[in-house]
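Enquirer: Have a look at the structure that comes next, please.
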Amino acid sequence: MPPSAPTAAFPQTKPGVPAPHHHAHRIVFANEKGGTGKSTTAVHVAVALAYQGARVASLDLDPRQRTMHRYIENRLGTLEKRGLTLPTPYCEVFRGETTGDLIAAIRRLEASYDFLIIDNPGRDDPFARLAVEHADTLVTPMNDSFVDFDLIGQVDAETFKVKKLSFFAELIWEARLKRSRMTIEQRRPEMDWIVVRNRTGHVEARNMARLQKALGEMAKRVGFRVTHGLSERVIYRELFPSGLTLLDKGHLGELGTSHLVARQELRALVKALALPGLGRDQPEAAPA
């Protein structure tokens, strides 16, 4: 078993022990622009699912920065140091050399878990494209700015109306076409694409309204859903060294109002993803 498996922290099914005909629901966090809160969102969603009793594996496709993997490493270190037992997803870094290696890694992990979360790098490469093509739920975090919006669509400078699709939206369109051409035996459910608006706390009202209108127009044209994500809060950066999340209440010290609001944001996001096999209850921390 890979050394980073968190069995000491929270019981999980070991990778490589597949259940017959079992396939995890694949959640891919992808944005070819960095700095959108992609890895932070992925980690919090992974932990939230683990708190709901799901078996969760994660695959970090950025072997250089490996932000998600580092977060889970920090979490395991904190749990060991404090003698805690908290829900923790399994995580490994993809270090393969071919797209075939990536497909093999996906199939190996999804055979033993309910959810497989893939954290794409903030760039375009063959592995990132393949992960997008194989997503059941595709999550694209973006900051509330037309700089980030340009990734999926280009707007007129005066009217702010959408002129054309951008390269990333075209990639998703092609991935959906490929899926529709699969045989019945190969076919998976239709891809659910969700654009998550992160860091909306300090956006000027007029710009927010323009962006919201453009997103609504693009959503109808391309076929994605839009939901609010995680606001710009210092707490997310402060939690990284410990690997703890907003759901680990009782282990975060004294909580302020911003912490409580941020936790509600996370719960609302998980609910908005509408993932299969989850009840209506929001993720909550288990007793220490």
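The values are calculated or read from the model by the stated rules, or taken from the named source; none is laboratory data. Here the structure is a predicted model, which is why all the values come from computation and not from measurement. Here Cβ is always computed from backbone atoms with ideal geometry, including for glycine, and neighbour counts include all displayed protein chains.
Enquirer: Within region 150-161, is even one residue under 20 Å from T227 (Cα atoms) and either aromatic (F, W, Y) or surrounded by 20 or more Cβ atoms within 10 Å (Cβ to Cβ) (or both)?
Expert: There is at least one residue in region 150-161 that is under 20 Å from T227 (Cα atoms) and either aromatic (F, W, Y) or surrounded by 20 or more Cβ atoms within 10 Å (Cβ to Cβ) (or both).
Residues are listed down the side, and each one gets a yes or a no for (1) crowded, with 18+ Cβ neighbours inside 10 Å; (2) modelled with pLDDT of 95 or more:
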{"residue": "V47", "(1), (2)": "yes, yes"}
{"residue": "S58", "(1), (2)": "yes, yes"}
{"residue": "R64", "(1), (2)": "no, no"}
{"residue": "M68", "(1), (2)": "yes, yes"}
{"residue": "E73", "(1), (2)": "no, yes"}
{"residue": "G77", "(1), (2)": "no, yes"}
{"residue": "E80", "(1), (2)": "no, yes"}
{"residue": "T85", "(1), (2)": "no, no"}
{"residue": "T98", "(1), (2)": "no, yes"}
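Enquirer: Among the candidates E284, E204, single out the residue that is modelled with pLDDT under 75, more than 21 Å from L86 (Cα to Cα) and acidic (D, E).
Expert: E204
Enquirer: Is region 269-276 home to any residue that is at pLDDT 80 or above, assigned to a loop (DSSP other than H, G, I, E, B), in contact with a helix residue (DSSP H, G or I) (Cβ under 6 Å, 6 or more places away or on another chain) and β-branched (V, I, T)? Walk me through it before giving the result.
Expert: Taking region 269-276 and keeping what is at pLDDT 80 or above, we get 269-276.
Filter once more, keeping what is assigned to a loop (DSSP other than H, G, I, E, B): 274-276.
Restricting the remaining residues to those that are in contact with a helix residue (DSSP H, G or I) (Cβ under 6 Å, 6 or more places away or on another chain) gives none.
No, region 269-276 contains no residue that is at pLDDT 80 or above, assigned to a loop (DSSP other than H, G, I, E, B), in contact with a helix residue (DSSP H, G or I) (Cβ under 6 Å, 6 or more places away or on another chain) and β-branched (V, I, T).
Enquirer: T41 versus (1) in contact with a strand residue (DSSP E or B) (Cβ under 8 Å, 6 or more places away or on another chain); (2) surrounded by fewer than 21 Cβ atoms within 10 Å (Cβ to Cβ); (3) in a helix (DSSP H, G or I): which is the lone unmet condition?
Expert: Answer for T41: the failing condition is (2).
Enquirer: Right, another one. Six or more apart or on different chains, Cβ atoms under 8 Å: show the pairs whose first residue is in region 240-266 and on the phi > 0 side of the Ramachandran plot and whose second is surrounded by 15 or more Cβ atoms within 10 Å (Cβ to Cβ) and hydroxyl-bearing (S, T, Y).
Expert: Within 8 Å, the pairs are G243/Y71; G243/T78.
To keep it simple, each residue is scored yes or no on (1) part of a helix (DSSP H, G or I); (2) in contact with a His (Cβ under 8 Å, 6 or more places away or on another chain); (3) more than 17 Å from K38 (Cβ to Cβ); (4) hydrophobic (A, V, I, L, M, F, W, C).
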site	(1), (2), (3), (4)
R210	yes, no, yes, no
R237	yes, no, no, no
P241	no, no, yes, no
V261	yes, no, yes, yes
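Enquirer: Among the numbered criteria (1) in a helix (DSSP H, G or I); (2) under 20 Å from V270 (Cβ atoms), which one does I106 miss?
Expert: I106 satisfies every listed condition except (2).
Enquirer: Would you confirm whether any residue within region 44-64 is closer than 23 Å to D125 by Cα, of a type outside the set (D, E) and over 14 Å from the mean Cα position of the chain (by Cα)?
Expert: For region 44-64, residues closer than 23 Å to D125 by Cα, of a type outside the set (D, E) and over 14 Å from the mean Cα position of the chain (by Cα): present.
Enquirer: Working carefully through the options L151, L102, find the one that is at pLDDT below 90 and either within 18 Å of the chain's Cα centre (by Cα) or closer than 23 Å to L177 by Cα (or both). Write out each step before concluding.
Expert: Numbers: L102 fails: at pLDDT below 90.
Answer to the check: L151.
Enquirer: Before we move on, is S258 exposed (fewer than 15 other Cβ atoms within 10 Å of the Cβ), at pLDDT below 90 and of a type in the set (S, T, N, Q)?
Expert: Answer is yes for this residue.
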